[in-house]
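The values are calculated or read from the model by the stated rules, or taken from the named source; none is laboratory data. Being a predicted model, the structure only gives us computed values, none of them experimental. Counting neighbours? That spans all protein chains shown, and the Cβs are built from the backbone with ideal geometry, glycine included. Accessible surface is based on the protein model in full, side chains and every heavy atom, while ligands, DNA and RNA are left aside. Shrake-Rupley method; radii C 1.70, N 1.55, O 1.52, S 1.80 Å.
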Amino acid sequence: MQNSTPAGIEIVDDVSHTLLQCSGVWTLPHISRIAYKLEAFHPKSSVIWDVSKIDEIDSAGIALWQLYTRAYEQDGIESKLIGAKQDQEQLYKLLYSKSHEPLQPPKVPSWLFVLGRETHNSILGIGKFLAFLGEAFVLLFYTLLHPTQIRYRSIMAHIFATGATALPIIALSAFLIGVVVAYQSIVQLQKFGADIFIVDMIGISLTRELAPLITAIVVAGRSGSAFTAQIGAMKMTQEIDAMKTMGFDTFTFLVWPRVFALMIVMPLLIFFADLIGIFGGMVIAQAQSHLSFSEFIHRLQGALPIKHYIIGIVKGPFFAFLIAMVSTYRGFQVSMNTESIGLYTTKSVVNSIFLVIACDAIFSVLLTELKL
């Protein structure tokens, strides 16, 4: 195409429309002068593109025409193409026959669309959480190799905040659980004259399952939500950005002290809940079956193997790890508005409780298979 004329465009104004007479070679090396001319052109009426005199055109030329056609249409100016050759029409259809139309949502039931979207978001969320865990463990190994970087004072402060101050609500919850289990069980056992087995029921069910589970749920609602709100507030006030600017690692300062503190405190809280829950059962046993405290304790020594107590205590660090990790992860997801704090605090509590129950179910299956 060496004898072809250079790329050009002639603007012819008419009363009812504006004619854009295109000519020459509309390829990438030659269309810059056309682009300058079109940039300065602002049509007042409909536009007709006459491309009958174009000798050669490539995808860049088609894209230039499409760019200004869309710009004119956004301003309410209609555009029309005339004089296109067959090869030009084929190239245009190849580039824009599908993509120029806006994507329409699939015609599926609304509930199915919502289910698919939520499932997709959940899968992405799991991936992000696993990435968060990976980064946390990498920094944990680095911290363990440099013990001087462990925030001991921060760990002690969180032990007090999540442990000592949680004793009243743990005591009340465990006592009421012990009362409920004892009262509901003793009503059934009295029908068979087996009141004494209330001791076995309370001792095994509380120490092995109920005390660890109730303690974890209370801690998730109390301490887990506090972790999320604290980190979320720090993110809103840009304290976390300031820490990163000064070179402080957020996992070392914000994540692992909370995780360590909760993993230390949880077994102690479970032990405390065991004692209070059993005491609640003793109160009901004496009130309903006239079983004295001394008789209850004597029976408990033979009815409660030490393995049930140990199993309940061992669950504590696992529950604590899940609660602390989910809570801190949700805290880092908080955006720069107050509404997101409430949203992610709610998600933190719900996710923590779900993972705790799922973890307890896994323990139950494994321990049953191991005949423990």
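What the table shows:
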{"quantity": "Amide proton proximity set for Asp55, modelled H, under 5 Å, gap of 5+", "calculated": "Gly24, Val25, Trp26"}
{"quantity": "Cut-off under 5 Å, modelled amide H: who pairs with Val47 long-range", "calculated": "Thr18, Glu78, Ser79, Lys80"}
{"quantity": "Residue with peak Gaussian network fluctuation, the chain [Cα springs, cutoff 10 Å], from Ser335, Ser294, Ser348", "calculated": "Ser294"}
{"quantity": "Longest exposed-site-free window of the chain, the sites being trypsin sites (Lys or Arg not before Pro) in a DSSP loop that have at most 15 other C-beta atoms within 10 Å", "calculated": "108-370"}
{"quantity": "Ile306, Ile217, Ile34, reordered so the largest accessible area comes first (probe 1.4 Å)", "calculated": "Ile306, Ile217, Ile34"}
{"quantity": "Alpha carbon centroid spacing (whole Å) that separates the stretch 115-186 from the stretch 198-267", "calculated": "4"}
{"quantity": "About the Cα centre, charge dipole magnitude for the chain (Lys/Arg +1, Asp/Glu -1 at Cβ), debye", "calculated": "1260"}
{"quantity": "Length released on extending from His290 to Phe137, taking residue separation times 0.36 nm less the Cα-Cα span", "calculated": "49.7 nm"}
{"quantity": "Gain in span if fully extended, Gln149 to Phe129, counting 0.36 nm per residue against the direct Cα distance", "calculated": "4.7 nm"}
{"quantity": "Helical segments meeting 24 Å axial Cα length and Kyte-Doolittle 1.6 threshold in the chain (DSSP H)", "calculated": "167-189"}
{"quantity": "Charge dipole of the chain about the Cα centre (unit charges at C-beta), most positive-ward option of Gly302, Thr215, Phe332", "calculated": "Gly302"}
{"quantity": "Too-long pairs where the Cα-Cα distance tops 29 Å, listed order kept, from Lys93/Lys128; Lys37/Lys93; Lys191/Lys315; Lys128/Lys315; Lys191/Lys371; Lys128/Lys307", "calculated": "Lys93/Lys128; Lys191/Lys315; Lys191/Lys371; Lys128/Lys307"}
{"quantity": "Cβ-derived FRET efficiency at R0 22 Å, Thr237 paired with Leu343, nearest 0.05", "calculated": "0.80"}
{"quantity": "Extension gain, Asp75 back to Met246 (0.36 nm per residue minus Cα-Cα distance, nm)", "calculated": "56.6 nm"}
{"quantity": "Sequence ranges 278-285, 159-166, 179-186, 5-12, ranked by mean other-Cβ count within 10 angstrom, highest first", "calculated": "278-285, 179-186, 159-166, 5-12"}
{"quantity": "Signed unit charges on C-beta, dipole axis of the chain, positive-most listed residue Val47, Val314, Phe354", "calculated": "Val314"}
